[in-house]
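Student: Would you mind keeping the following structure in view while I ask a few things?
The values are calculated or read from the model by the stated rules, or taken from the named source; none is laboratory data. These numbers come from a predicted model, not from an experiment. In this analysis, Cβ positions are derived from the backbone assuming ideal geometry, glycine residues included, and neighbour counts consider all displayed protein chains. Only protein heavy atoms, including side chains, enter the accessible area calculation; ligands, DNA and RNA are left aside. Shrake-Rupley method; radii C 1.70, N 1.55, O 1.52, S 1.80 Å.
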Amino acid sequence: MHKWLKRGLYVCLFGLVIEGSLTVPVIAVWYGWPTLSLTEICSELLKVRYSDDTLECQQPYPIGGPPFGGAPEAAGQQTARDEWGIQPKPKYDSIGFRELIRIREDRLARQPSG
C-alpha cells in the first residue's frame, strides 16, 4: 500500500511541477506575447482592470514597493467600475485570446497624435 501511495504522490508532485512551469508562458501567450512585451501586458491589464488609461507597470520594480513598503497597488484608485462588497464583482468582461492586442490598438487609435 505504501509503495502505491508513494507512486501516486510522485505523480501528483510531477504534475504540479509541470503545471507550475507552464502557467506563466501559457498566460503570456494568451494575453498577447510576443506582440506585447510582459511589461505592456501588465500595463494593459491594469488599464482594463481600473478603467484608467494612465496606469503603467513599473519596470524595474522598486525595491521599497509593496509588499515591502509604500502604498499598496492602486491605493486611492477610484476609477474601477466594480460592485464592491464582501465578494467584489468586476464590471469588465473577461479577456479573450490575444484580446489585449486589440484593446491596446483601439486605445492608441483614440489618442490624438502628437
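Student: To the nearest Å, what is the center-to-center distance of region 28-53 and region 7-27, using C-alpha atoms only?
Tutor: 25
Student: Remind me, what semi-axes does the chain give for its equivalent ellipsoid, largest first in whole Å, using sqrt of 5 times each Cα gyration tensor eigenvalue? Write down the numbers at each step before the final one.
Tutor: Details: eigenvalues 244, 78, 53 Å².
Largest first, the chain gives 35, 20, 16 Å.
Student: Mind checking the per residue accessible area of region 28-79 for me, 1.4 Å probe, whole number of Å²? Walk me through the numbers on the way to the answer.
Tutor: Details: 3450 Å² over 52 residues.
For region 28-79, the solvent-accessible area averages 66 Å² per residue.
Student: Let me ask something else. Suppose R0 equals 30 Å. What FRET efficiency, 1/(1 + (r/R0)^6) with r the Cβ-Cβ distance, do GLN78 and ILE103 give to the nearest 0.05?
Tutor: Numbers: r = 21 Å, r/R0 = 0.71.
Here the calculated transfer efficiency is 0.90.
Student: Additional query: With a 1.4 Å probe and every protein chain kept in, tell me what percent of the accessible surface of the chain is carbon plus sulfur.
Tutor: Numbers: 5830 of 9200 Å².
With neighbouring chains kept in place, the figure for the chain is 63 percent.
Student: Ignoring everything except DSSP H segments at least 4 long, calculate the 222 nm mean residue ellipticity for the chain; use -39,500 (n - 2.57) per segment, divide by total residues, nearest 500. Walk me through the numbers on the way to the answer.
Tutor: On the way: 3 runs with 55 residues, N = 114.
Roughly -16500 deg cm²/dmol at 222 nm, from the helical runs in the chain.
Student: Quick check on region 74-114: take the gyration tensor over C-alpha atoms, sort the square-rooted eigenvalues as a ≥ b ≥ c, and tell me if it's rounded (a/c under 1.5), prolate or oblate. Please report the intermediate quantities before stating the final value.
Tutor: Working: a/c = 3.60, a/b = 1.62, b/c = 2.22.
Oblate, since a/c reaches 1.5 and b/c is not below a/b.
Student: What chymotrypsin sites (Phe, Trp or Tyr not before Pro) does region 34-90 have in DSSP loop regions with at most 16 other beta carbons within 10 Å? Mind showing how you got there, number by number?
Tutor: On the way: sites: TYR50, PHE68, TRP84; in loops: PHE68, TRP84.
When the chymotrypsin sites (Phe, Trp or Tyr not before Pro) of region 34-90 are filtered for loop state and at most 16 Cβ neighbours within 10 Å, PHE68, TRP84 remain.
Student: Still on this structure: Trypsin sites (Lys or Arg not before Pro) within region 1-91: which are DSSP loop residues with at most 13 other Cβ atoms inside 10 Å?
Tutor: Numbers: sites: LYS3, LYS6, ARG7, LYS47, ARG49, ARG81, LYS91; in loops: ARG81, LYS91.
In loop regions of region 1-91 (DSSP not H, G, I, E or B), the sparsely surrounded trypsin sites (Lys or Arg not before Pro) are ARG81, LYS91.
Student: Under a cut-off of 27 Å between alpha-carbon atoms, report the lysines in cross-link reach of LYS91, not counting same-chain residues fewer than 8 places apart.
Tutor: LYS47
Student: A follow-up question, please. Using a 1.4 angstrom probe and counting only protein chains, how large is the accessible area of SER21 in Å², to 10?
Tutor: About 70 Å², rounded to the nearest 10.
Student: With no other cysteine's Cβ closer than 4.7 Å, which Cys residues of the chain count as lacking a disulfide-compatible partner?
Tutor: CYS12 - these cysteines have no disulfide-compatible partner (Cβ-Cβ under 4.7 Å) in the chain.
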